[in-house]
Amino acid sequence: MLFIMYTMSISVFWLQIINGGHALLSNVTATNPSVSTKSLGTTIPQDFTIERRLALPISFSPETGYYNIIAALCIISSADFESRMPPALYRTTRFQQPIIRIATHGDVDVPNRYIVWGLFLIAFYLRESQRFSLAFFVLKWKGKEVAGISIDERILSKPQDQSNATVASLPVGALQNDRPLVIQYEYLAGAKHFEQGAVYLTIIGALTTAAPSDIKARITRTWISFLNSEPCVFIITPSLAARTAPPYFTYEDLNLVLAKTSDFFTAHARYSPLSMNISIDDVEVAQAALTSKFDGHSLTLSAIG
């Protein structure tokens with residue numbers, strides 16, 4: 001078995017303020033040769049780790065890898081966080097490759113939360129290592145292997161141990177819930193460009209943060225997510241209409257906003273600070289931005305780092 005040795009020791013602080021309430025300051029630590037977590041609050045427990053194995057010298061572009069990871073996360077996080085999922089394959093209509101393959105041990109379904117945590121840590125690994133090549137990652141809980149996620153180049157006709165696997169072909173920007181959601185985007189004038197990976201990882205972090213929440217639960221106050229290693233912050237504030245009367249703004253809508261925003265950045269190939277006005281049934285329900293931590297928005301982010 002081939003192990004790819006990877007040397008990295010870095011702590012990334014993650015602040016989450018949900019519904020204007022509590023600040024959760026946590027970190028992720030990557031070590032050689034695996035990626036592990038340390039005290040990531042209630043989002044990713046320290047006992048959950050990933051390890052990269054079976055890497056192939058076949059590369060893919062960072063954009064396609066991040067985009068398809070986001071697609072998989074959007075679908076997986078729309079299910080109950082404590083439910084269990086069978087083997088599955090994910091790709092998008094925009095990028096047929098790489099394929100995100102979820103593998104389980106035998107016929108035992110794996111808890112959704114393991115897959116959500118694993119996808120975030122894989123994206124974090126890709127960003128920090130800059131090793132965008134096909135690979136298999138083992139997911140571990142308290143040192144025991146519980147599942148695997150591979151980044152593949154094609155769908156096998158008879159994938160081993162995955163005879164019941166489903167293939168989801170996902171047009172990320174067109175994901176729909178039970179009501180129309182429209183976003184008006186506007187790039188912020190004069191703002192500096194972000195690195196592509198910073199934008200995608202910020203979106204992946206926000207999806208991971210939101211995943212444990214009931215998708216039908218309402219968001220009634222400002223919601224913020226960012227990684228201290230990145231210059232971006234994602235901010236969303238429900239409007240008065242969404243706080244007091246339907247249509248309400250929910251975590252399901254947040255999931256869709258993040259999916260559509262990923263698609264918008266990818267389609268325009270411009271990774272700059274962006275503001276958003278969000279409407280449902282022609283009623284404005286929220287305003288959002290993916291912007292620099294230091295651009296203000298009347299928020300104090302002094303707890304960073």
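Using only alpha carbon pairs under 8 Å that are at least six residues apart, calculate the relative contact order of region 201-259 and give it in whole percent.
On the way: 71 pairs, mean separation 23.3, N = 59.
For region 201-259, the relative contact order is 40 percent.
Please calculate the 1.4 Å probe accessible area of Arg218, with all protein chains present, and give it to the nearest 10 Å².
Approximately 100 Å² of Arg218 is accessible to the 1.4 Å probe.
In terms of solvent-accessible area of protein heavy atoms at a 1.4 angstrom probe, what is the ranking of His268, His193, highest value first?
Largest accessible area first, the list is His193, His268.
Kindly sort Ser59, Ser133 by accessible area of their heavy atoms, largest first, with the probe set to 1.4 Å.
On the way: Ser59 95, Ser133 25 Å².
So the residues, ranked largest to smallest area, are Ser59, Ser133.
How high is the relative contact order of region 55-139? Use alpha-carbon pairs under 8 Å, at least six apart in sequence, and give a whole percent.
Values: 100 pairs, mean separation 34.8, N = 85.
Relative contact order of region 55-139: 41 percent.
Take Asp214, Asp47, Asp253 and sort them by solvent-accessible surface of the protein heavy atoms, 1.4 Å probe, largest at the top.
Asp214, Asp47, Asp253
Which value results for Rg/Rh of region 76-157 when Rg is the Cα radius of gyration and Rh the Kirkwood radius based on the inverse mean 1/r?
0.95
Using a 1.4 Å probe, how large is the accessible area of Thr266, given in Å² and rounded to the nearest 10?
Result for Thr266: roughly 10 Å² accessible.
The values are calculated or read from the model by the stated rules, or taken from the named source; none is laboratory data. For clarity, every value in this text was computed on a predicted model and none was experimentally measured. Just the protein is used for accessible areas: all its heavy atoms, side chains included, with ligands, DNA and RNA removed. Shrake-Rupley method; radii C 1.70, N 1.55, O 1.52, S 1.80 Å.
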